[in-house]
Amino acid sequence: MIIIRYWFIAFALLLPFTAYAASAPSGMVVAAQPAAARAGIEMLNKGGNAFDAAAATALALGVVEPGSSGIGGGGFFLLYIAKEKRYVMIDARETSPKLAGYGRVYATQSSIDGPAAAAVPGLPAGVERLVSHYGKLKRADIAAPAIRLARSGFAVGARLANMIRWRSKVFNDSARSIFDKSRGALIRQPALADTLTRFARGGAEDFYRGETAGRLVADMQRDGGLVRLDDLAAYRAVEREPVTVDYHGFHVVSAALPSSGGMTLAHIFGQLQGDDLKELAPVDRAHLLIEVMKRAYRDRNAYLGDADFVTIPKDYLDPQRLHKLRDSIQMERTTPSSELTGFAEPIGASVDTTHFSIIDAEGNMVSATLSINYGFGSGYVSPSTGILLNDEMDDFATRPGQPNAYGLVQGKANGVAPGKRMLSSMTPTIVIGPNRTFIVGTPGGSRIISMVLLASVGFMMDETAPKDWVNAPRYHHQFLPDVVQYEEGAFSPAVAAELRKRGHTLKQVSRRYGNMQAILWDRRSGRLTGISDERGEGAALQQP
């Protein structure tokens, strides 16, 4: 387990945050699909805690949002355990199968489509860890809503119908028979319901070493997949200490490697230690955030990977180093990426992902981001288990020097190795202010980190309504390409004109991105505000 410590990154809550330990008035679940949010609330109503609710929500999302997550994928669960006043991250990221070697197999096979693109799933182990170490309810209770949804079915919504049209051409026969449906049609998954029933009885032992493991590997071997029984048997969900950073009275807690989210947020806020964003004019604030993003993504892309395999430079988050990077920013002009030393290649990350945020009446909190990578992952459903497999192998540098599914060239630190976890941009985060707490996260590929950054800055600045922190148009810079990508309305005409005058290249994206799910907890009044991104179909539900 890697534990990252730097003197300006505080791992204990300081005096201004002592009220943080207070209990909430009731529980709340905010998730990307109403049925999944209801599964979480059902657990709270049964007497379970936030961790039970997170396990049930995760399993249910994998059924009703199959293009974005599922037990054939993985993710990160960021927890706050109220009675222990402790944070922990459960790393349920997928791992490379041994047969993938060091990526040589992908010279002839796809790292995007088909069973060879699948890494060893991590979500079942993550859910098991939640239930067995932190929950109150039985595994059968946790799995019940997902089993009902898989067996009885659910209607295809607009978002899922669009994703099906996009990815249906890569479906195998089993996936096609289940998912190739139009809007309003009913999707039933009886084989998956049976697999979830076995999980309810046997947990991770069944999935990784029991009947489900045998069925899944037999299908993979027959159809060209690389995952084998020893790969499954070796998988473990890992507990890691989250990355935290303080910024002007706010305490930011986020995901540790192999998520790059926490390290990149700490890098950004480290650069900004001497700046008060609240004092800046809108154009200056945008310019500065773009420039610090550019520098943080440059370092992310060059140096970060699975810390169990890659040595991260000791001075990566050194305050003096970050201060020098900030000093290189000129407020009257942009710094072209080509002028920044230490060239780094951009790294792709999952785009069709999901997120949920949860709090219970005891003050326990969960911020969880889950994924199967590309839309519908590999497009391959194991016929005998109903499991839709991820295509997370494409998040590695499977073809160094060549673009991945997102047109991005990957760095060597994220190269393939047996048992290694691929770098991710998933950024489940909790931000604690003097009187309020913000639980937040989103899907969106390499834009995840900048989305969480902008929402967190919105919370810190408190200049707009909470719904605007989640729903406002966004902008993003990831070092390469040297372009500011933005949603329509992210900049006023005057701000856009001034940014161009300073040398920024602005490019409006063709469609809105992200699907943020957040909770704002006012610890003075006890009020909970759930915010589900209007870009999606989610729901914010509170216990009565």
Problem - Using a Förster distance of 60 Å, the FRET efficiency for Tyr102-His248 (Cβ separation, nearest 0.05) - result: 0.85
Problem - Candidate lysines for bridging to Lys412, where Cα separation is under 21 Å - those fewer than 8 sequence places away on the same chain excluded - result: Lys98, Lys294, Lys314, Lys420
Practice task
Only Lys, Arg, Asp and Glu count, each charged at its Cβ (+1, +1, -1, -1), so figure out the dipole size of the range 453-493 about its Cα centre, rounded to 20 debye.
Solution key: 80 debye
Problem - Beta bridges by DSSP in the chain, antiparallel share as percent, to the nearest 5 - result: 95 percent
Problem - Protection proxy ranking, peptides 176-185, 130-139, 437-446, average beta carbon neighbours within 10 Å, highest first - result: 437-446, 130-139, 176-185
Handout entry: Prolate/oblate/rounded call for the range 427-544, Cα gyration tensor, a/c under 1.5 rounded
Key = prolate
Completion exercise
Label model pair Ala361, Ser182: point-to-point distance (7 angstrom along the Cα→beta-carbon line) in nm is 4.7 nm
Practice task
Take peptides 369-375, 264-270, 197-203, 60-66 and line them up by average Cβ neighbours within 10 Å, highest first, as a rough protection proxy.
Solution key: 369-375, 60-66, 264-270, 197-203
Problem - Subset of Lys83/Lys136; Lys85/Lys278; Lys46/Lys136 violating a 19 Å alpha-carbon distance limit - result: Lys85/Lys278
Fill in the blank from the handout: Semi-axes of the range 68-143 from the Cα gyration tensor (sqrt of 5 times each eigenvalue, largest first, whole Å) come to 32, 14, 9
Fill in the blank from the handout: Taking Lys and Arg as +1 and Asp and Glu as -1, residues besides Asp395 with C-beta under 10 Å from its C-beta add up to -2
Completion exercise
Ranked from fewest to most other Cβ atoms within 10 Å of their own Cβ, Tyr247, Tyr102, Tyr87, Tyr80 fall in the order Tyr102, Tyr87, Tyr247, Tyr80
Exercise for the section: Obtain the radius of gyration and the Kirkwood radius of the range 119-231 from its C-alpha atoms and give Rg over Rh. Expected result: 1.00
Handout entry: Computed [θ] at 222 nm, deg cm²/dmol, the chain (DSSP H ≥ 4; -39,500 (n - 2.57); rounded to nearest 500)
Key = -10000 deg cm²/dmol
Fill in the blank from the handout: The longest stretch of the chain containing none of the GluC sites (Glu not before Pro) that sit in a DSSP loop with at most 13 other Cβ atoms within 10 Å is 1-331
Practice task
Please name whichever of Gly386, Ser357, Val30 sits farthest to the positive end of the charge dipole of the chain, dipole taken about the Cα centre and charges placed at Cβ: Lys and Arg +1, Asp and Glu -1.
Solution key: Gly386
Practice task
Please report, in debye to the nearest 20, how large the charge dipole of the chain is about its Cα centre when each Lys and Arg carries +1 at its beta carbon and each Asp and Glu carries -1 there.
Solution key: 520 debye
Fill in the blank from the handout: Expected sort for 145-151, 426-432, 114-120 on mean C-beta neighbours within 10 Å, highest first, is 426-432, 114-120, 145-151
Problem - Size of electric dipole in the range 273-321: Cβ of Lys, Arg +1 and of Asp, Glu -1, about Cα centre, debye, nearest 20 - result: 140 debye
Problem - the range 95-254 - percent relative contact order, Cα under 8 Å, separation 6 or more - result: 29 percent
Completion exercise
Taking 0.36 nm per residue of separation between Phe309 and Ser26 and subtracting their Cα-Cα distance, the length gained on full extension comes to 97.7 nm
Handout entry: Cut-off 14 Å, label 7 Å out along Cα→Cβ of Ser168, residues of the range 487-530 by amide N
Key = none
Practice task
Would you mind calculating the gained length between His323 and Arg222 on full extension (0.36 nm times residue separation, minus the Cα-Cα distance), in nm to one decimal?
Solution key: 30.9 nm
Problem - For percent of Cα pairs over 36 Å apart, calculated from these coordinates, the label among (i) 26; (ii) 42; (iii) 34 - result: (i)
Fill in the blank from the handout: Simple SL model, points at 7 angstrom along Cα→Cβ for Asp468 and Lys138; separation in nm is 5.0 nm
Practice task
Kindly identify the range 236-392 as rounded, prolate or oblate by the Cα gyration tensor criterion: order the square roots of the eigenvalues as a ≥ b ≥ c, call it rounded if a/c is under 1.5, otherwise compare a/b with b/c, prolate if a/b is larger, else oblate.
Solution key: prolate
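We did not get these values from a lab; they are worked out from the coordinates using the rules stated. On a predicted model such as this, the values are computed, not experimentally measured, just so you know. Cβ atoms come from the backbone with ideal geometry, glycine included; neighbour counts cover every protein chain shown.
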